[in-house]
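Report on the structure given below.
The values are calculated or read from the model by the stated rules, or taken from the named source; none is laboratory data. This is a predicted model, so every value here is computed, not measured. As a convention, Cβ positions derive from the backbone with ideal geometry for all residues, glycine included, and neighbour counts pool all protein chains shown.
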Amino acid sequence: MIRYTSTRGASPKRSFGDVLLAGLAPDGGLYVPEVWPGAIAVDPELPYAQFAAEIMWPFVAGTIDRHDFDAICAAAYDTFTNDAVIPIETLSSGIELVELFHGPTLAFKDVAMQMLGRLFDHELDRRGTRTTIVGATSGDTGSAAIEAFRDRENADIFILHPHGRTSEVQRRQMTTVDAPNVFNVAVDGTFDDCQDIVKAMFADVAFRERVKLGAVNSINWARVMAQVVYYHWAVANSAGRCADGGLVTVTVPTGNFGNVFAGRVAQRTGAGIDRFVVASNRNDILTQFFTGRAMTIGGVEPSLSPSMDIQVSSNLERLIYELLDNQGSVVAEMMQQFRSSGHIDFSGAIGEELTTGWSGYSLTDDQTLEVIRAIHETDDMLVDPHTAVGIGAAESEVASGVEGTHIVMATAHPAKFPDAVEKATSIRPPLPDNLADLYERPEHYDVLPNDFATVCEFVESHRSPRS
Ligand SMILES: *Cc1c(COP(=O)(O)O)cnc(C)c1O
């Protein structure tokens with residue numbers, strides 16, 4: 001059975017079930033497997049849900065019944081509208097797009113969240129307990145979490161969003177869900193205000209224990225694990241790789257680094273990936289890191305790809321842990337220093353691997369619009385602004401002379417970001433059939449003042465009395 005250890009080295013080792021429910025380790029680090037399970041080879045002919053169960057099994061074996069786990073995978077991916085679950089499209093340039101956005105909320109976060117909701121329910125059931133999930137969102141994460149936890153037996157979910165400051169599609173994807181355990185709270189404030197309230201809740205030990213607070217943010221190991229699957233899937237099913245057998249480069253539109261780190265885990269477990277390209281928008285701190293091996297925190301600037309508007313990518317700590325040879329105490333020191341000085345430097349020998357296996361590019365909003373326009377012209381396809389940043393970065397990598405197969409993770413459906421797509425192409429992408437009536441569905445949410453005590457009181461009085 002694989003056990004999980006903290007990247008800061010000062011927490012006891014834990015089982016998968018513990019790590020699933022805990023999220024962050026008690027020493028402030030992120031959980032990683034103590035050892036990698038070795039190469040995982042799976043028949044590429046299997047349907048996605050079965051393929052997924054095979055890839056993830058070594059990470060959970062010994063903590064869950066195999067039959068239950070297979071059923072969870074089957075149910076999770078049954079919510080996807082495409083028969084292949086995750087289809088792969090080849091552009092006329094030869095770049096392959098892995099479409100991760102056919103889940104209930106049209107972004108790649110569904111791939112992991114649909115597993116997470118079911119895994120939580122199963123583990124809570126086994127322990128005979130319940131949880132109250134609380135999270136803050138500026139968009140994609142909240143809707144994916146709500147869809148994943150709606151109607152679950154053992155969890156209530158409260159998602160805080162800044163009142164009047166999310167896009168209409170994003171808000172409606174959250175507020176039109178009608179389920180007794182789902183609570184949307186529109187806070188009169190900014191996204192940061194929402195996040196501060198959630199942080200203060202977790203810091204309030206008495207409150208946290210009274211309501212059995214739980215979190216599902218992107219540092220949760222189970223989310224990374226579920227994302228490892230589609231890297232194996234993409235390589236196994238890639239047309240280009242089958243044809244030429246050369247280098248395989250995967251480009252990932254990146255924010256918190258959870259998605260691309262899952263690619264790294266896939267590489268570690270035998271997926272034939274040679275290089276990663278980390279694609280960013282004008283918030284280019286990761287481009288600094290992967291091109292100059294150092295980075296300095298700046299302010300977050302809004303862009304056309306809002307799910308990547310981020311300065312500190314929390315999951316980068318998992319890669320740093322590896323680069324520092326799993327020395328948790330050194331990671332802890334470096335993170336402490338990064339937080340106080342806002343600067344991190346890997347220009348010593350440690351940074352060597354960063355130059356051979358990784359690169360980074362950033363695109364401006366104008367460049368992003370130009371990619372959307374050009375792909376529409378050459379391939380008659382609409383792509384969302386996050387995916388466009390990925391395609392633009394992959395094109396730069398090709399132009400710099402990297403040969404072989406280029407795979408890009410397509411992270412959102414174009415209809416999720418219709419304004420940017422319309423600006424670039426004059427076409428407003430329609431919502432898929434299952435969401436076509438989104439604008440007619442009734443909304444459910446409460447508007448609360450930006451006040452910690454009021455929001456806590458709301459959570460306590462609305463969560464299920466069963467817990
Ligand atoms: C969350 C998100 C990203 C960033 O993913 P990370 O795992 O945080 O790097 C990219 N694109 C879309 C559409 C997203 O929703």
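Summary of values
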| read-out | value |
| --- | --- |
| Condition broken by His102, with the remaining ones in (1) crowded, with 24+ Cβ neighbours inside 10 Å; (2) touching a Phe, Trp or Tyr at 6+ places or on another chain (Cβ under 8 Å); (3) not small (Gly, Ala, Ser) satisfied | (1) |
| Failed condition for Glu153, given (1) without any contact (Cβ under 8 Å) to a residue 40 or more places away in the chain; (2) buried (at least 21 other Cβ atoms within 10 Å of the Cβ) | (2) |
| Neighbours by Cβ (under 9 Å, 6+ apart or cross-chain): first from segment 439-451, within 14 Å of Arg172 (Cα to Cα); second surrounded by fewer than 14 Cβ atoms within 10 Å (Cβ to Cβ) | Tyr439/Glu168; Arg441/Asp178; Pro442/Asp178; His444/Asp178 |
| Filter pass, Val330 being of a type in the set (A, V, I, L, M, F, W, C), away from the ligand (no atom under 16 Å from the Cβ) and free of Cβ contacts under 8 Å to residues at least 12 places away in the same chain | yes |
| Close pairs (9 angstrom Cβ cut-off, 6 or more residues apart or separate chains): among the β-branched types (Val, Ile, Thr) in segment 360-384, away from the ligand (no atom under 15 Å from the Cβ) and in a helix (DSSP H, G or I) anywhere | Thr368/Ala424; Val371/Glu395; Val371/Ala424; Ile372/Lys423; Ile372/Ala424; Ile372/Thr425; Val383/Ile375; Val383/His376 |
| Complete set of residues in segment 237-267 that are modelled with pLDDT under 95 and either in a helix (DSSP H, G or I) or within 16 Å of the ligand (Cβ to nearest atom) (or both) | Asn237, Ala239, Gly240, Arg241, Cys242, Ala243, Asp244, Gly255, Asn256 |
| Wholly enclosed helices (runs of 4 or more DSSP H) of segment 94-205 bearing at least 1 residues more than 16 Å from the ligand (Cβ to nearest atom) and over 23 Å from Gly17 (Cβ atoms) | 168-175, 191-203 |
| Total residues in segment 47-80, condition in contact with a helix residue (DSSP H, G or I) (Cβ under 6 Å, 6 or more places away or on another chain) and assigned to a loop (DSSP other than H, G, I, E, B) | 2 |
| Candidate set: segment 390-406, residues that are out of contact with any helix residue (DSSP H, G or I) (no Cβ under 8 Å at 6 or more places or on another chain) and among the charged types (D, E, K, R); chosen: the one nearest to the ligand (Cβ to nearest atom) | Glu397 |
| Filtered residues of segment 421-448 (kept if surrounded by fewer than 12 Cβ atoms within 10 Å (Cβ to Cβ) and either hydroxyl-bearing (Ser, Thr, Tyr) or more than 29 Å from Thr79 (Cα to Cα) (or both)) | Ser426, Tyr439, Val447 |
| Matching residues, segment 38-86, being of a type in the set (Gly, Ala, Ser) and buried (at least 18 other Cβ atoms within 10 Å of the Cβ) | Ala49, Ala52, Ala53, Ala76 |
| Count - residues of segment 294-327 that are within 17 Å of Val265 (Cα to Cα), in contact with a Lys or Arg (Cβ under 9 Å, 6 or more places away or on another chain) and within 16 Å of the ligand (Cβ to nearest atom) | 3 |
| Of all residues in segment 268-282 being in a loop (DSSP other than H, G, I, E, B), surrounded by fewer than 22 Cβ atoms within 10 Å (Cβ to Cβ) and not hydroxyl-bearing (Ser, Thr, Tyr), the one that is nearest to the ligand (Cβ to nearest atom) | Arg282 |
| Pairs with Cβ under 6 Å, 6+ apart, first in segment 254-268 and farther than 19 Å from Asn217 by Cα, second in a helix (DSSP H, G or I) and within 13 Å of the ligand (Cβ to nearest atom) | Ala266/Val228; Ala266/Tyr231 |
| Residue check for Ala412: closer than 19 Å to Gly255 by Cβ and within 18 Å of the chain's Cα centre (by Cα) | yes |
| All positions within segment 360-384 that are in contact with a strand residue (DSSP E or B) (Cβ under 9 Å, 6 or more places away or on another chain) and within 16 Å of the ligand (Cβ to nearest atom) | Gly360, Tyr361, Ser362, Leu363, Val383, Asp384 |
| The one condition in (1) within 14 Å of the ligand (Cβ to nearest atom); (2) over 22 Å from the mean Cα position of the chain (by Cα) that Thr387 fails to fulfil | (2) |
| Unmet requirement for Tyr31, which otherwise passes all of (1) among the hydroxyl-bearing types (Ser, Thr, Tyr); (2) under 13 Å from Met115 (Cα atoms); (3) touching a Lys or Arg at 6+ places or on another chain (Cβ under 9 Å) | (2) |
